[in-house]
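The values are calculated or read from the model by the stated rules, or taken from the named source; none is laboratory data. Quick caveat: nothing in here was measured; it's all calculated off a predicted structure. Glycine also receives a Cβ, built like all others from the backbone with ideal geometry; neighbour counts cover every protein chain displayed.
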Amino acid sequence: MYSDSMNINKALPVYAIIFTILLFLLQHISLFPPQAKSIDSPQEVFSAERAYKTLKHLLQENKPHPVGSDLNKVIKYRLIEELEKLDIHYEVQKTWACASRYAACAEVENLIGIIPGKTKAPYLALMAHYDSVPMAPGAGDDGAGVVAILEAARVLQLEAPFDHPIMLLLTDAEESGLIGAEAFFNQHPLAKEVGVVLNIEGSGTAGGSMVFRTSDKNELLIKSLSHDHDHAYGFSLANEIFKRMPNDTDFSVAMRANIPGMDFAFVGERNHYHTPNDNVENLDIRTIQHHGENILSASRDLLSKDWNSMGEKYVYLGGTYGYWSQWKSSNSLIALILSTLVLIGALVSSKIKLQRLSLGIVLSPITLVTTIFSGFLGFYLLSIFSGNVISWPGIDWPYRLLLIGSISLGLLAGCALSKRFLQELEMIYGAWFFWTLLTLVVTLFLPDAANLFILPLVFGSLILLISNYVKEQYRLTFLLLTLVVALPSTLGLIFSLEQSQGYKLVLAVLPFAGLYAILISPFLSSINMKPAFSIVGGATLIALAAGSMLNLYSEMRPQHVNIHFYENLDSKKSYVHLSGNYKNVAASDPEPLIEPLASYVDTENTKAIASYAPEYKFRYWADSISSEWKEPSLEVKEKIKDSDSILVTLKSHRNASRMILLLPAASKLKSFNIGSQVISVSPSTRGAYKGYYLIYLNGMYDRSADLILNFEDYTKEVEGYLLDVSTKLPGDLDELYKARSGIFSPVHRGDQAILIKKIKI
């Protein structure tokens, strides 16, 4: 019997590793979006192929269509045709509006379609935006959301009328600061009649459509989503993450209007986000299918419910081996207490001494730290050897092998330390009591993430209790079941985080790997450490070497590089600047440029090239020549009688898409009027615009804009700067433009030609 036990324990590491691989694959497969339904599917079924056909028609030019552009207007008319085909009554809301976070304005054209219900209100609003950023065709962001809504509306119309009417809200200028949503929820009379919002977004070109954000009281919403839905996916942890990110969606505007709802998005292949690769050809049609199933499941249930009460705050976790779980957030602490009691009961039955348990609890975070440190060190060394900051590499596997190898080295180091002082069972109990302490902290301070830790604890504590009644020689093998319940909350998140964050934020991935390392290390303690370190270390070195020598970028996963041309119209000096990361201006830690682009600019020295911010230094710059473009104009029309207000007209004379007015803080600008809106302003406190009042006008092109500038005390002339910005570059930069191709790509606002002149008001 003793010999059998010894043989089982020696084989335990092999079982644990194989078990982990199988569990990870199962978890990964369960997160695949559903298969797309064919175009010949019954009419009452959502068909991604039908929606995809519509998307190809809408985006047939495969070009960007930012707010105000001619192509955006063409797409608006195509959307109107689609609404007419569906026999859906619609209106166009055309108005000036501005973002709430900063003074960015545009004249927007929102489309509002209505499917009547048994009552006139409140409406269920299905919302997506149809504009794109200046550098992307916008198939994922947010063409997929638009056509998913249209196809879902076609199905819902067959089943109408419901207890509530349905509103299709297709917004404009989301990419310029959620301006279209601001226009609707702040100006349109129907906004007060909206009862629930489902917002559909995209941040990549593939992956499952997950609910990543909800309003606070969400019980009714979450139950509606999970009702009769086989592929519900999301985790309330995303709520906590999104609160701390600079990203935003139209749903934020609805939330500020105190309208409950859910926000859906996908994040697969996020390297394509806001780049030319966000096109119809690269979009995974299964993602559209998942969008549609989310919309239909939630809509059908919500449309038959009373919305006077949204219920309580719920936490949720979808995609755990394909299963969905949800409960009241207030029950998290109760579940934690009960699980802790079960765990204590299991400890008492195990007869492990408190002293040994305490040592296990202390050693667990050491394994966590060694895993995180080793993983980070691997990628830090790679960045040194390759000379690049690693974000989304063109070839996945050298970097995934490096991730696996480097964290495994940290895991082995932690395991080697723990086995010197503890037996396997003591390590297991120490790990789970440390998990309990961590769960308590998360429950108290990050309640939306609590279920990610509580669910494994509930089942893990029960498994530990039951294990005390399993024959001793089989006990450790039985306890491998704890890995089943823990893996979705740890390694199961890594692929999603890798897809959404890349390796530039590898520290976002490593804590979850570290948590799994704590739980699996007891099962690896019988490994012969020297050969294990040799094998894992060798694999890690191979990954380091491969990552250093192979091309980091490819046409499908290019380096994001924007070309910026600055021309000072007063000094007649011009410069070109390359931004080697996501930021559109100079950064203290830009992603290093690679050849041939690095040879076009000064990579060593910094220079002040923005006349309005001489203290702001740019990297990756070079001298350039004049564009010979006609300068923008600001015409003072009149001083408003008996006020400190001035009417001015701004116009670009080269069809620039954007104009920027900068006025110094000393001017004491209070607000400005545009259209029917009065916008309060305050000076910027950071970046190149620090110390200036900043007014963005988006979607300008061939139009002019009238502004009324309201000062606290207009007694003397005000000096400032006027900028007009286009994505079209001067012809003299054609050679540089051609060099920036293949493994390079613009991103977000992308290439910009910026003309700068001093103005007086």
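Taking the condition of being crowded, with 22+ Cβ neighbours inside 10 Å and not β-branched (Val, Ile, Thr), how many residues in the stretch 304-316 meet it?
2
Go through the stretch 615-634 residue by residue and tally those that are under 30 Å from ARG703 (Cα atoms), at pLDDT below 95 and among the acidic types (Asp, Glu).
Within the stretch 615-634, residues that are under 30 Å from ARG703 (Cα atoms), at pLDDT below 95 and among the acidic types (Asp, Glu) number 1.
How many of the residues in the stretch 216-235 are at pLDDT 95 or above and in a loop (DSSP other than H, G, I, E, B)?
1
Looking at the stretch 6-55 only, could you name the residues that are hydrophobic (A, V, I, L, M, F, W, C), more than 22 Å from ALA517 (Cβ to Cβ) and not in a loop (DSSP other than H, G, I, E, B)?
Listed by number, the residues that qualify are MET6, ILE8, ILE29, ALA48, ALA51, LEU55.
Does LEU296 count as crowded, with 17+ Cβ neighbours inside 10 Å and in a helix (DSSP H, G or I)?
yes
I'd like to verify a number: residues in the stretch 327-337 that are surrounded by 14 or more Cβ atoms within 10 Å (Cβ to Cβ) and in a helix (DSSP H, G or I), how many?
Matching residues across the stretch 327-337 total 6.
Restricting attention to the stretch 401-442, which residues are out of contact with any helix residue (DSSP H, G or I) (no Cβ under 7 Å at 6 or more places or on another chain) and either in a loop (DSSP other than H, G, I, E, B) or under 24 Å from SER534 (Cα atoms) (or both)?
Residues satisfying the conditions are ILE404, LYS419, ARG420, GLN423.
Only one of these is out of contact with any Asp or Glu (no Cβ under 9 Å at 6 or more places or on another chain) and not in a helix (DSSP H, G or I): VAL458, VAL470. Name it.
Just a single option satisfies the conditions, and that option is VAL470.
Matching residues to (1) out of contact with any Lys or Arg (no Cβ under 7 Å at 6 or more places or on another chain); (2) crowded, with 24+ Cβ neighbours inside 10 Å:
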| position | (1), (2) |
| --- | --- |
| LEU198 | yes, yes |
| GLY202 | yes, yes |
| SER215 | yes, no |
| LYS223 | yes, no |
| TYR233 | yes, yes |
| ASN239 | no, no |
| MET245 | yes, no |
| ASP248 | yes, no |
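Those residues that are free of Cβ contacts under 8 Å to residues at least 24 places away in the same chain and among the aliphatic types (A, V, I, L, M), I need them from the stretch 340-361; list them, please.
LEU341, ILE344, VAL348, LEU354, listed by residue number.
Does the stretch 301-313 contain at least one residue that is within 27 Å of the chain's Cα centre (by Cα), assigned to a strand (DSSP E or B) and farther than 26 Å from ALA128 by Cβ?
No, the conditions are met nowhere in the stretch 301-313.
Can you confirm whether THR249 is modelled with pLDDT of 95 or more, outside the structural domain of THR439 (by TED's automatic domain parsing), farther than 23 Å from LEU455 by Cα and touching an Asp or Glu at 6+ places or on another chain (Cβ under 6 Å)?
Yes: the conditions hold for THR249.
Could you grab me the full set of residues in the stretch 578-614 that are of a type in the set (S, T, N, Q), assigned to a loop (DSSP other than H, G, I, E, B) and modelled with pLDDT under 85?
ASN581, ASN584, SER588
Scan the stretch 539-549 and tell me whether some residue there is among the β-branched types (Val, Ile, Thr), over 30 Å from ILE17 (Cβ atoms) and buried (at least 20 other Cβ atoms within 10 Å of the Cβ).
no
Would you kindly identify the strands (runs of 3 or more DSSP E) lying entirely within the stretch 620-722 that contain at least 1 residues that are polar (S, T, N, Q)?
Those strands (runs of 3 or more DSSP E) span 621-624, 633-639, 645-651, 669-674, 677-680, 692-698, 704-711.
Here is a list of conditions, (1) over 24 Å from the mean Cα position of the chain (by Cα); (2) over 18 Å from GLY292 (Cα atoms), and MET135 meets all of them except one; can you say which number that is?
For MET135, the failing item is (1).
If you scan the stretch 501-516, which residues turn out to be touching a residue at least 12 places away in the same chain (Cβ under 8 Å) and either in contact with a strand residue (DSSP E or B) (Cβ under 8 Å, 6 or more places away or on another chain) or not in a helix (DSSP H, G or I) (or both)?
GLY502, TYR503, LYS504, VAL509
Listed residues LEU729, LEU736, LEU755; which is in a strand (DSSP E or B), outside the structural domain of HIS272 (by TED's automatic domain parsing) and in contact with a strand residue (DSSP E or B) (Cβ under 7 Å, 6 or more places away or on another chain)?
Testing whether each residue is in a strand (DSSP E or B), outside the structural domain of HIS272 (by TED's automatic domain parsing) and in contact with a strand residue (DSSP E or B) (Cβ under 7 Å, 6 or more places away or on another chain) leaves just LEU755.
Given the options LEU403, LEU437, LEU409, name the one that is surrounded by fewer than 18 Cβ atoms within 10 Å (Cβ to Cβ) and either touching an Asp or Glu at 6+ places or on another chain (Cβ under 7 Å) or at pLDDT 95 or above (or both).
LEU437
Restricting to the stretch 599-619, give me the number of residues that are touching a helix residue (DSSP H, G or I) at 6+ places or on another chain (Cβ under 8 Å) and either farther than 30 Å from SER671 by Cβ or outside the structural domain of GLN752 (by TED's automatic domain parsing) (or both).
1
Filter the stretch 364-398 down to residues that are of a type in the set (Gly, Ala, Ser) and either without any contact (Cβ under 8 Å) to a residue 40 or more places away in the chain or part of a helix (DSSP H, G or I) (or both) and give me whichever is farthest from LEU438 (Cα to Cα).
Across the stretch 364-398, the extreme among qualifying residues is SER386.
Taking the stretch 47-68 as the region of interest, how many residues are crowded, with 20+ Cβ neighbours inside 10 Å and out of contact with any Pro (no Cβ under 8 Å at 6 or more places or on another chain)?
The total comes to 10.
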